[in-house]
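Trainee: Structure provided below as structure tokens; questions to follow.
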């Protein structure tokens, strides 16, 4: 009886080990190249998600109400993409030398998504002066600065990645 229990327990452990291996189990950090590729993919995906945003915001500033509604929808989509990207990055196990900057990047992406609420609201109201003011304020947001700083910190650690802007 004991032998049967022991055999069953060993079989269960072996099965769990196989499942963990198949699912990428373990806490092994990504290699530098793997991590750089993940960052590049995330940057390119975020850039692609803003493809029509500039045109729609410009049209909204010019007083085209439908463009304001479209731009507000674009902002909502971009906010969702920022949050999804933060979730995807949070699930990664970066190399040890990138971990601190990585964690700051994840937090900053979420904060940026939240900070876009004011621009979204201005677009929904259709007030051109408020839209312009909110657009101009984007560059000085703490969340934007934190995203930029995390990228700089990663580059200083020797990480190179394509962010979708062509600046790589």
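The values are calculated or read from the model by the stated rules, or taken from the named source; none is laboratory data. Bear in mind that the values here come from a model prediction, so they are computed numbers and not experimental data. Cβ: placed from backbone, ideal geometry, glycine included. Neighbour counts: every protein chain shown.
Trainee: Let me confirm something: among 114, 121, which residue is farther than 17 Å from residue 46 by Cα and in the same structural domain as residue 62 (by TED's automatic domain parsing)?
Mentor: 121
Trainee: Further, regarding this structure: Of the residues 88, 76, 160, which single one is within 18 Å of residue 52 (Cα to Cα), in contact (Cβ under 8 Å) with a residue 40 or more places away in the chain and either within 19 Å of the chain's Cα centre (by Cα) or not assigned by TED's automatic domain parsing to the domain that holds residue 37 (or both)?
Mentor: Answer to the check: 76.
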